[in-house]
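Below: the structure, in structure tokens.
The values are calculated or read from the model by the stated rules, or taken from the named source; none is laboratory data. Since this is a predicted model, take the numbers as computed values, not measurements. Here the Cβ is made from the backbone with ideal geometry for all residues, glycine too, and neighbour counts use every protein chain on show.
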Ligand code: GTP
Ligand code: MG
């Protein structure tokens, strides 16, 4: 597939980085298929990250992801999932390459500015979590 799903996380929203992050995404050649600002509850964040339920950081992750507004978006580009993960950099910003979104805008492994789907299947599942077919252009 040529689509991926992203969120600009509460830390980046609060720190005023949403515009710069969207600019980087667009300049990297991604087309915005769908986009909105919304806020997760502990319940919806828990459902979105259900795959991580058994991980030790799950509680922190759910609390953080429901702590403020986010921007959710579906993005399109050749090789979208892999190219987007390259653009955002490693999960831990201290390990992220220079110029990546997490290197530029994230403070810690927990509060790491952006989400990017890790597979084509998950990109579809995650995009559908936030957007109906009628919201994707
Ligand atoms: P996402 O694009 O957000 O899925 O990040 P990722 O694929 O690079 O990492 P992963 O899916 O393994 O983990 C999901 C999210 O859980 C990360 O982005 C972090 O926000 C959070 N996370 C991962 N490891 C830790 C950790 O050790 N501590 C805390 N507090 N959060 C973590
Ligand atoms: Mg992940």
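So residue 61 clears everything in (1) under 18 Å from residue 13 (Cα atoms); (2) within 15 Å of ligand 2 (Cβ to nearest atom); (3) touching a residue at least 60 places away in the same chain (Cβ under 8 Å) except one condition, right? Which one?
Residue 61 satisfies every listed condition except (3).
What's the number of the only condition in (1) in contact with a helix residue (DSSP H, G or I) (Cβ under 6 Å, 6 or more places away or on another chain); (2) within 12 Å of ligand 1 (Cβ to nearest atom); (3) within 18 Å of residue 13 (Cβ to Cβ) that residue 89 fails to meet?
Going through the list (1) in contact with a helix residue (DSSP H, G or I) (Cβ under 6 Å, 6 or more places away or on another chain); (2) within 12 Å of ligand 1 (Cβ to nearest atom); (3) within 18 Å of residue 13 (Cβ to Cβ), residue 89 breaks only (3).
Among (1) in a helix (DSSP H, G or I); (2) within 13 Å of ligand 1 (Cβ to nearest atom), where does residue 107 come up short?
So the condition that residue 107 fails would be (1).
Could you grab me the full set of residues in segment 115-125 that are touching a strand residue (DSSP E or B) at 6+ places or on another chain (Cβ under 6 Å) and either within 9 Å of ligand 1 (Cβ to nearest atom) or modelled with pLDDT under 95 (or both)?
Kept after step one, since they are touching a strand residue (DSSP E or B) at 6+ places or on another chain (Cβ under 6 Å), are these residues of segment 115-125: 115-117, 123.
Once the filter is applied, which keeps residues that are touching a strand residue (DSSP E or B) at 6+ places or on another chain (Cβ under 6 Å) and either within 9 Å of ligand 1 (Cβ to nearest atom) or modelled with pLDDT under 95 (or both), segment 115-125 yields 115, 116, 117.
Anything in segment 110-132 that is more than 14 Å from ligand 2 (Cβ to nearest atom) and either touching a helix residue (DSSP H, G or I) at 6+ places or on another chain (Cβ under 7 Å) or in a helix (DSSP H, G or I) (or both)? List them, or say none.
111, 124, 127, 128, 130 - these are the residues of segment 110-132 that are more than 14 Å from ligand 2 (Cβ to nearest atom) and either touching a helix residue (DSSP H, G or I) at 6+ places or on another chain (Cβ under 7 Å) or in a helix (DSSP H, G or I) (or both).
Sort out which residues of segment 1-30 are closer than 14 Å to residue 82 by Cβ and either within 16 Å of ligand 2 (Cβ to nearest atom) or at pLDDT 95 or above (or both), and write them in order of number.
2, 3, 4, 5, 6, 28, 29, 30
Just give me the residues in segment 30-46 being assigned to a helix (DSSP H, G or I) and touching a residue at least 24 places away in the same chain (Cβ under 8 Å), in sequence order. If you could, list the steps in order and put the result at the bottom.
Step one: of segment 30-46, the residues assigned to a helix (DSSP H, G or I) are 42-46.
42 - this is the single residue of segment 30-46 that is assigned to a helix (DSSP H, G or I) and touching a residue at least 24 places away in the same chain (Cβ under 8 Å).
When you check residue 99 against the structure, is it near ligand 1 (Cβ under 9 Å from one of its atoms) and part of a loop (DSSP other than H, G, I, E, B), yes or no? Write out each step before concluding.
Details: near ligand 1 (Cβ under 9 Å from one of its atoms): no; part of a loop (DSSP other than H, G, I, E, B): yes.
Answer is no for this residue.
Can you confirm whether residue 112 is buried (at least 18 other Cβ atoms within 10 Å of the Cβ) and touching a residue at least 24 places away in the same chain (Cβ under 8 Å)? Break it down stepwise before answering.
Details: buried (at least 18 other Cβ atoms within 10 Å of the Cβ): yes; touching a residue at least 24 places away in the same chain (Cβ under 8 Å): yes.
Judged against the criteria, residue 112 is a match.
Among the residues in segment 42-58, are any surrounded by 19 or more Cβ atoms within 10 Å (Cβ to Cβ) and in contact with a strand residue (DSSP E or B) (Cβ under 7 Å, 6 or more places away or on another chain)?
Within segment 42-58 (the criterion being surrounded by 19 or more Cβ atoms within 10 Å (Cβ to Cβ) and in contact with a strand residue (DSSP E or B) (Cβ under 7 Å, 6 or more places away or on another chain)), the answer is no, since none of the residues qualifies.
Taking the residues in segment 92-109 that are farther than 16 Å from residue 27 by Cα and buried (at least 16 other Cβ atoms within 10 Å of the Cβ) as candidates, determine which candidate is nearest to ligand 2 (Cβ to nearest atom). Full working, then the answer.
Filtering segment 92-109 down to residues farther than 16 Å from residue 27 by Cα leaves 92-98, 102-103, 105-109.
Okay, now just the ones that are also buried (at least 16 other Cβ atoms within 10 Å of the Cβ), so 93, 96, 102-103, 105-106.
Values: 93: 15, 96: 14, 102: 12, 103: 17, 105: 17, 106: 14 Å.
In this case the residue turns out to be 102.
Quick check on segment 57-80. Is at least one of its residues assigned to a loop (DSSP other than H, G, I, E, B) and within 9 Å of ligand 1 (Cβ to nearest atom)?
Of the residues in segment 57-80, the ones assigned to a loop (DSSP other than H, G, I, E, B) are 57, 66-68, 77-79.
This time we only want the ones that are within 9 Å of ligand 1 (Cβ to nearest atom), so: 57.
Within segment 57-80, one or more residues are assigned to a loop (DSSP other than H, G, I, E, B) and within 9 Å of ligand 1 (Cβ to nearest atom).
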